[in-house]
Amino acid sequence: MEMTPDEPDDALLARAAQELSAHDREPRWVDISSSVLAKVRATTRRTWPVDASYPAESVEQGHDTLRISDHIVRSTVRRALLGVHGADPIAVDLELDGHTCIGAAITVTGAYGTDLHAVGLDLGNLARTTLTDLLGHHIDDTAVTVHFEDVTEG
């Protein structure tokens, strides 16, 4: 079953149910399908909107604002960190004040033999720059922390 990015949750679940019911492996599918769907809906994680702002064309117009899903913000930061040699990002947790991102906590696995302090500084600066560019407001230097959870060979 191929997922499409713009497909609403209910349509995706309905299509999954249709795919599963097409197989003859479970004769009681009709009896259990609503129970399965209810449990899947209960466990799905909804996104949290994060405020972003961008300068308008003129000073009189102020800033243009929008909200970006926290999933998008975290995945954008993680993608930016993938290119840093000597570290593999495990998790990106946003620090939020309501809907405003005020920082982030980055968990990574470091590579043995690298200068972890330098790698941590690079990761923190890159994450801060990515958040600032994406959200349109300054993220303080001390607001992004990097935690090395493990060190692996190579």
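The values are calculated or read from the model by the stated rules, or taken from the named source; none is laboratory data. Bear in mind that the values here come from a model prediction, so they are computed numbers and not experimental data. Cβ sites come from the backbone with ideal geometry, for glycine too, and all protein chains shown count toward neighbours. Ligands, DNA and RNA are excluded from the accessible area calculation, which covers all protein heavy atoms including side chains. Shrake-Rupley method; radii C 1.70, N 1.55, O 1.52, S 1.80 Å.
Consider a paramagnetic label point 7 Å from the Cα of residue 47 along Cα→Cβ; state which residues of the range 112-140 have an amide N under 19 Å from it.
130-137
Counting each pair of different Cα atoms once, what's the Kirkwood radius of the range 89-154 in Å, rounded to one decimal?
Working: mean 1/r = 0.0809 Å⁻¹.
One over the average 1/r among Cα pairs gives 12.4 Å for the range 89-154.
Give me the net charge of residue 109's neighbourhood, meaning all other residues with Cβ under 12 Å from the Cβ of residue 109; Lys, Arg count +1, Asp, Glu -1.
Values: positive: none; negative: 88, 149, 150, 153.
Spelling it out: positives minus negatives among the neighbours equals -4.
Counting only other residues whose beta carbon sits under 13 Å from that of residue 96, what net charge do I get with K and R as +1, D and E as -1?
Details: positive: 67, 74; negative: 51, 70, 93, 95, 97.
Summing Lys/Arg as +1 and Asp/Glu as -1 gives -3.
So how much accessible area does residue 95 have, in Å² to the nearest 10, using a 1.4 Å probe?
80
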